[in-house]
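One structure below.
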Amino acid sequence: MGKVVGIDLGTTYSAIAVVNDHGKAEILPNREGERITPSVILLDGESPLVGSIAKRSAAASPDDVIQFVKRQMGNPAFCYPTDYGDISPEEASAIILKRLVEDASTMLGEPVTDAVITVPAYFNDAQRKSTMDAGEIAGLNVLRIINEPTAAALAYGIEKTSEPHTTLVYDLGGGTFDVTIMRLGNGKIEVLATDGDPNLGGFDWDNETMNYLNDQFQQQGGIDLLEDAVLALDLREKAELAKKTLSSREKVDVFLSGGGKNARISLTRETFQQITAPLISRTQDILEVVLEEAGLTWNDIDKILLVGGSTRMPAVSKLIEQVTGKKPSIELHPDEVVAMGAALQACLLEAQKSVEHRSIAESLPIVEIEDVTSHGMGVVALNEQGQEHNSVILKKNAKIPCKVSERYSTVSDNQTALQVQITLGDSEDLESVEILGESTMSIPPYPLGAPVEVFFQYDANGVVQVEVFDCTANKLLGTMEIERRANKSEDEVRALKQKLKSIAIS
């Protein structure tokens, strides 16, 4: 039987972990001996390169590099045009996953077959399904998709759930941001509220730094570096290095060249924090929204955990202390804790069906995880003005599993059909939500105002069943099952899996 692992598939860096024979989660280093692997692919020759070599080569071969894949997960219209044909986000993610798994198998001396893969808490259904597809294309049996803050809390709290306490996870990664508040205690991790922004992360701090350095370079008589793909990638690499350096130093000098001009640009931590202040403010807004949705005050929060490499920026700790009055905990490794929590979840899941893993899991406390929905769901209905709007039935942050309902009525005399459109999103504005599915159901020619009730049942596996009930006839009109929507068909996933099998990854 192969090993089960936990994988943090990150925007900028990824990590893989396993639970050892002593019941402890540990990170598995890659073939270069690194504990985290850059989520970068270089399509150079027959074998794709993944990791640090690909990242270092990005500036020299910008047209052959794929990176920041995670931000495109769930987008069926997006692809990476390459000399090898168009590559979807799922296929690119699968290449990264395959490299992680190959390195882990070498370290463990046996094949890795099953995995729990993490996603941002605020990922929607399409993004989660794309992640599962990527795992399958990479040849993995994906046991479960788990939210990154929940995985971090599991790594932190699996042995600390006897004493009740409330924890906030501030998760700022390379490309995404989440805030989750959860209560740990009595052998349970109970998520109270979560919110986030799937397009906010260290990548955006890099962008602001790039823009500043480019402006300074032009003021010294240089060209616009962003207009040249090679120079832009070199600028990105130097901006990222400057950002990281300013986490431990007050000032950094950046050397730039282009169009025959060389320049040294000084960047202070104070200036860096000024140009990125709107970004840190966006995280504050989400912090306060989640606190309100959890129905708590800052006095109710016992601990704040920092997750994600971007939390190393001093502005993050400063913001949290200013807003909450509490110092964030630094007891966890921000780059590794998510993968370690995923590995613990994988071990606990496998222990339910395997004697081999059960013996390891016996040393772990039994922890029950109660999660919540990250997005609202509802139906298209008419408001009091007779205009279509999104009527939310299953509220965001509802506990999973759950069953909720809302009553509606016919909108005209002798109406003989109901058009049921299922929505994903919290806004009343239909332009801001997605239509997940629709169905037309026949009814007798009822008068205006005849009542119908719509039930939403959301199970632990992310499957939503919708029931429409005729209150006049006291009978069920029909059901709709909304599973995680696939951007790839089963045939497409199988074909990509077969294709990736024949490709060696370096």
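The values are calculated or read from the model by the stated rules, or taken from the named source; none is laboratory data. Just so it is clear, the structure is predicted and the values come from calculations on it, not from any experiment. Cβ atoms come from the backbone with ideal geometry, glycine included; neighbour counts cover every protein chain shown. These accessible areas exclude ligands, DNA and RNA; they are computed on the full protein's heavy atoms, side chains included. Shrake-Rupley method; radii C 1.70, N 1.55, O 1.52, S 1.80 Å.
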Please find, within the stretch 73-90, the residue that is most open to solvent (accessible area, probe 1.4 Å) out of those that are more than 16 Å from Gly175 (Cβ to Cβ) and of a type in the set (Gly, Ala, Ser). Ala77
Among the listed residues Leu192, Leu200, which satisfies the condition of being touching a Phe, Trp or Tyr at 6+ places or on another chain (Cβ under 6 Å) and either within 16 Å of Gly10 (Cα to Cα) or outside any helix (DSSP H, G or I) (or both)? Leu200
Quick one: which residue in Val404, Val420, Val372, Val379 is under 33 Å from the mean Cα position of the chain (by Cα) and closer than 30 Å to Ala351 by Cα? Val372
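For (1) aliphatic (A, V, I, L, M); (2) free of Cβ contacts under 8 Å to residues at least 60 places away in the same chain, each residue gets a yes or a no:
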position: Leu430; (1), (2): yes, yes
position: Val454; (1), (2): yes, no
position: Thr479; (1), (2): no, yes
position: Glu492; (1), (2): no, yes
For Asp335, only one of the following conditions fails: (1) touching a helix residue (DSSP H, G or I) at 6+ places or on another chain (Cβ under 6 Å); (2) of a type in the set (Asp, Glu); (3) assigned to a helix (DSSP H, G or I). What is its number? (3)
Looking across the stretch 160-174 at residues that are buried (at least 24 other Cβ atoms within 10 Å of the Cβ) and either modelled with pLDDT under 90 or of a type in the set (Gly, Ala, Ser) (or both), the single one that is nearest to Phe68 (Cα to Cα) is Gly174
Picked from the stretch 102-126 (must be aliphatic (A, V, I, L, M) and surrounded by fewer than 24 Cβ atoms within 10 Å (Cβ to Cβ)), the residue farthest from Ala54 (Cα to Cα) is Ala126
Taking the stretch 251-298 on its own, how many of its residues are closer than 20 Å to Thr209 by Cα and among the acidic types (Asp, Glu)? 2
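Any residue in the stretch 259-266 that is open to solvent by less than 50 Å² (accessible area, probe 1.4 Å), more than 24 Å from Pro38 (Cα to Cα) and of a type outside the set (D, E, K, R)?
Yes.
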Lone qualifier among Ser405, Ser374, Ser412 - being surrounded by fewer than 18 Cβ atoms within 10 Å (Cβ to Cβ) and part of a loop (DSSP other than H, G, I, E, B): Ser412
Checked against (1) open to solvent by less than 60 Å² (accessible area, probe 1.4 Å); (2) at pLDDT below 95; (3) under 22 Å from the mean Cα position of the chain (by Cα), Lys303 satisfies every condition except (3)
Select from the stretch 467-506 the residues that are more than 30 Å from Ser47 (Cβ to Cβ) and of a type in the set (A, V, I, L, M, F, W, C) and list them in ascending order. Val468, Phe469, Cys471, Ala473, Leu476, Leu477, Met480, Ile482
State the number of residues belonging to the stretch 274-314 that are part of a helix (DSSP H, G or I), under 25 Å from Ala155 (Cβ atoms) and in contact (Cβ under 8 Å) with a residue 40 or more places away in the chain. 13
Search the stretch 127-139 for residues being in contact with a strand residue (DSSP E or B) (Cβ under 6 Å, 6 or more places away or on another chain) and open to solvent by 10 Å² or more (accessible area, probe 1.4 Å), and hand back the single one that is modelled with the highest pLDDT. Met132
Within the stretch 14-57, work out how many residues are free of Cβ contacts under 8 Å to residues at least 12 places away in the same chain, open to solvent by 50 Å² or more (accessible area, probe 1.4 Å) and not in a helix (DSSP H, G or I). 2
The strands (runs of 3 or more DSSP E) lying entirely within the stretch 427-506 that contain at least 2 residues which are open to solvent by less than 60 Å² (accessible area, probe 1.4 Å) and in contact with a Gly (Cβ under 8 Å, 6 or more places away or on another chain) are 434-446, 464-470, 475-482
Give me the pairs, please: first residue somewhere in the stretch 243-266 and among the polar types (S, T, N, Q), second residue anywhere and surrounded by fewer than 11 Cβ atoms within 10 Å (Cβ to Cβ), beta-carbon distance under 8 Å, and either six or more positions apart or on two chains. Asn262/Phe255; Ser266/Asp253
Breaking point among (1) touching a helix residue (DSSP H, G or I) at 6+ places or on another chain (Cβ under 7 Å); (2) in a helix (DSSP H, G or I); (3) open to solvent by 20 Å² or more (accessible area, probe 1.4 Å), for Glu270: (1)
Would you point out the residue of the stretch 244-254, among those that are in contact with a helix residue (DSSP H, G or I) (Cβ under 8 Å, 6 or more places away or on another chain) and surrounded by fewer than 13 Cβ atoms within 10 Å (Cβ to Cβ), that is nearest to Gln220 (Cα to Cα)? Glu250
